[in-house]
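Asker: This is the structure I want to talk about, given as structure tokens.
The values are calculated or read from the model by the stated rules, or taken from the named source; none is laboratory data. Only a predicted model underlies this, so the values are computations on that prediction, with no experimental measurement involved. For neighbour counting, all protein chains shown are included, and Cβ atoms are generated from backbone atoms with ideal geometry for every residue, glycine included.
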Amino acid sequence: PINGADIYINGNLTGTTNQNGRHTFPDLVFGSYPVEVKKTGYIPSNRTIIVSNKSEDYSFTLSFEGSDLTILVKDKDTREIPNASIVINGAVSGQTDNHGQYTTRVTFNKVYNITASHDGYQSASAEKQVVQGNATDSVTISLEKTMDWGFLEIIVIIVIVVIVLFAVFRKFGKKPGHHVMRRNEI
């Protein structure tokens, strides 16, 4: 039941549904009436009803204007990436949970540009449009690891230190006046 849905008969607002999703029209006379039911966040529903001599119930189904969209963020080995930042259409939306998932509400038939990022990975983006009728939808974004420049810098420094130490020991490691006699020297 949807509380607070507006009911229009012949294009005029004639009432609002109660907490049980119901409304009574005691003054309608026999005949046919175009009826539209609207509520913000739902797709309006309309059809013609025929009022006869007996009391009847007419049901209208309102569908959500939007849907849940689950964004899955994984690495190239399909491992989930927790705490990845999610940006939707340029605005920060949230972070993935421990399973690499983030769920948000989106509007039908609108294109969303979704970007996922995490330290140690290159950011990646995907476009997604959820079509009307889907209660839920999902998109997977794969991130690639970036080069760990800090680790590479440490390796380069170690190599330079080894080369310098080798040169120092080679130059200053000889004892003065110490000559090794070789076989060919006489």
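Asker: Name every residue in segment 28-66 that is in a loop (DSSP other than H, G, I, E, B), under 29 Å from the mean Cα position of the chain (by Cα) and at pLDDT below 80, in order of residue number.
Answerer: G41, E65
Asker: Quick one: which residue in V139, V131 is in a loop (DSSP other than H, G, I, E, B) and closer than 30 Å to K39 by Cβ?
Answerer: On inspection, the qualifying residue turns out to be V131.
Asker: So if I check each of K74, K39, which one is in contact (Cβ under 8 Å) with a residue 12 or more places away in the chain, in the same structural domain as F108 (by TED's automatic domain parsing) and crowded, with 16+ Cβ neighbours inside 10 Å?
Answerer: K74
Asker: Also: Would segment 107-124 turn up any residue that is out of contact with any strand residue (DSSP E or B) (no Cβ under 9 Å at 6 or more places or on another chain) and of a type outside the set (G, A, S)?
Answerer: yes
Asker: Checking L62 against (1) surrounded by fewer than 14 Cβ atoms within 10 Å (Cβ to Cβ); (2) out of contact with any Asp or Glu (no Cβ under 8 Å at 6 or more places or on another chain), only one condition comes out false. Which one?
Answerer: So the condition that L62 fails would be (1).
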